[in-house]
Structures are given as structure tokens and as C-alpha cells.
Amino acid sequence: MIKTPYYLIDKIKLQRNMEKIAYVREHSGAKALLALKCFATWSVFDLMQEYMDGTTSSSLYEVKLGKLKFAGETHAYSVAYADDEIAEVLAHSDKIIFNSISQLQRFADASASHTRGLRLNPQVSSSDWLIADPARPFSRLGEWDAQKVEQVIDQISGFMIHNNCENSDFDLFDSMLRQIEERFGDLLKRVQWVSLGGGIHFTGEGYPLDKFCARLKQFAEQYGVQVYLEPGEAAITMSTSLEVSVLDTLYNGKQLAVVDSSIEAHMLDLLIYRQSARMEPCDGPHEYMVCGKSCLAGDIFGEFRFDKPLQIGDRLSFIDAAGYTMVKKNWFNGVKMPSIAVRQLNGEVELVREFGFEDFASALS
């Protein structure tokens, strides 16, 4: 048995998402790029690159990782590029997408021979969280003034529009896309490609894939563009678990269990959005608040139900622990970083990475 804590990526489950992505690519004509900001565990890129067209990034390091580790196209995007990194970004990308007209003009000469795009902000999104809403008031994410964009249209060949966030509602996606068409339709007809970003949960159970494909195809044909999708969570949803062990149990008005992991260090996105981790099944008669081992008082995974009382040494498994989780893991409190294991397609589990004190020490100086 692998020593906990560790993330376990199940390639069989991952492949199910990949097959849905492949279906959308085939029936819509859209291309699919893995959003590295959500998931960048390159030990499973060998499988993913068989079903996807490349990667998209949010920084220089993600661009380089995509170029070096994932076959296909490499799209570069950043909220702002620094002068001392732009040459390396261009050297490792096939397309560069600028967040603002200002950045486009600043690096116009350096990127003159590169395929260039610009991010648009349609000022509408599906986000329920202000912190994640790209269309929030005073947003810095993209250009919203069509007249200003029209003045630089000859300097670019495409657009990136990312306004879907955890959107599993096709009708909402369709409605927002219509608003984008109404606002930027004349500009869309003048470019060659349009990325509709990520945040569209089209690999989820019950999502109307055929309607989605038809809508994407209609959009592409109407404007004469190659459509790109940038699935992050949709690519890896329900493929990965965080495996932990119980270190202690106590009672303080509730039954508590302390595990050898930390939500702040190992599932940070849930803490940011004040959400509980998930565990299945979770319907037994014995209820426990499962807590992390860091000194943060709110280091709590959530409340769960078990078939029998928990004992020290019991192993627990939190599901759906890949998206915006593994990329955000950190060394808070010096809590041991989870190892990374992969269940291969033949069912064998392989330990692919362990972290130790030297990794902790080398993260600082």
C-alpha cells in the first residue's frame, strides 16, 4: 500500500472524460486545449494528448510545460507579460493571446511574426462567485469596447472569450453566446479563430452533448472561424481522489477525526470558496467532522457519515480532487506534500512522484 497522503489519478475515469471531449471534437469541429491553470500533472499527458489538440496557459512556466510535455498546439495567454519573459513565451508557443490592447501594442514588434489574438470581455458570465467572475465590476480581464477593438483588428487573427465558470447549464451557455454574438458579431466575422475558453462542464452526467456540438458548429460556420474550447475541470472531473489516513479521533461536542493531510495545503480551492470536500459513499450512521492536521482552526474537510466508528489508521478517500487542487498544493505548516500515484488502464497503481524535506526546503531559501 502507498503511504498516505497521496493523490490517485485513475486513467480509466480520466479516459471517460477524454472520450466525451473526442466526441465533441468530431461532431462540432471544435478543437480542445487543456487548461493548465486547472490541471498540470504531466504524468498523465500521454493519455490526454491522444484526445486533445494541445494546451493553453496563463503564465510563462505553463507555456513551457505545455510545449515540452504535451503534443499539439501551445497557446500562450497571460493577464500581463513582463518585458523579460516575452521572448521565451513566443519561443514556446504557437499562438499568443494578449489580455489588453495596451499589451498587444507594447509587444507588437516582438510578436509581429507570431499568430496573435486578443481577449474579449463580454461583461456577462455564469459565475456565482465574485472572486472568480471575469465579468465582475472593473474587471481587468479582456477588452469590452468593440469600437476600440475594431481599431486593432488588423493586428490579430483571433479572439479568446472566457466567461463560463462551472457552467453545467447548456441553455445558459447558449444565451450568453447569443449576447456575445450581438455585441461582437461584426468583429467575429473578421477573424480566423475564436476560443470560447473553459468552465463549460460538458463532460458532466446528462449534459446535452449533441445540442452543444450543433451550437458550436453553427457558430463556427456563421462566422467562418475555427472554434477552440479550453476544458480544465471538464477534462479531469471525477478522475482523481486524495487518499488520507486517520491520525487521531476525539470528541468536542462532535466526533472529530484528524487526518494526515490539510485542506489549506492540499485542497486549497475548497477553502477559498468555503466548500466541503466530497466523499462517496457517505450515508452511514456514524458522523464525524474530518479535520486537517495544520494549525489553522478552520482546516476542516467537512462532515461525513461512515458505516462504523473511525479508528486510527483508517484510510479515507476524498473524491474529485484534481481540478484547481493539485496545482494549488503548498507547503503550509510544512505538512507533508501528497505523493502522486496513477492507476493505469490495466488497473495497476504506479507511484510516480514523492515529495520530501528537500522539496520543502528548496521552495524557500
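Among the numbered criteria (1) farther than 22 Å from Asp269 by Cβ; (2) out of contact with any helix residue (DSSP H, G or I) (no Cβ under 6 Å at 6 or more places or on another chain); (3) touching a residue at least 12 places away in the same chain (Cβ under 8 Å), which one does Phe70 miss?
That leaves (2) as the condition not met.
In this structure, does Val342 turn out to be in a helix (DSSP H, G or I) and under 25 Å from Leu34 (Cβ atoms)?
For Val342, the condition - in a helix (DSSP H, G or I) and under 25 Å from Leu34 (Cβ atoms) - is not met.
Could you tell me how many of the residues in region 86-100 are of a type outside the set (S, T, N, Q), open to solvent by 20 Å² or more (accessible area, probe 1.4 Å) and in contact (Cβ under 8 Å) with a residue 12 or more places away in the chain?
Matching residues across region 86-100 total 6.
So is Asp128 out of contact with any Cys (no Cβ under 6 Å at 6 or more places or on another chain), open to solvent by 70 Å² or more (accessible area, probe 1.4 Å) and outside any helix (DSSP H, G or I) or not?
yes
Conditions (1) in contact (Cβ under 8 Å) with a residue 12 or more places away in the chain; (2) open to solvent by less than 30 Å² (accessible area, probe 1.4 Å), marked per residue:
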residue	(1), (2)
Gln15	yes, no
Met18	yes, yes
Ala30	yes, yes
Phe39	yes, yes
Tyr61	no, no
Asp84	no, no
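The values are calculated or read from the model by the stated rules, or taken from the named source; none is laboratory data. Bear in mind that the values here come from a model prediction, so they are computed numbers and not experimental data. Don't worry about glycine lacking a Cβ; one is built from the backbone with ideal geometry, like all the others, and counts go over all protein chains shown. These accessible areas exclude ligands, DNA and RNA; they are computed on the full protein's heavy atoms, side chains included. Shrake-Rupley method; radii C 1.70, N 1.55, O 1.52, S 1.80 Å.
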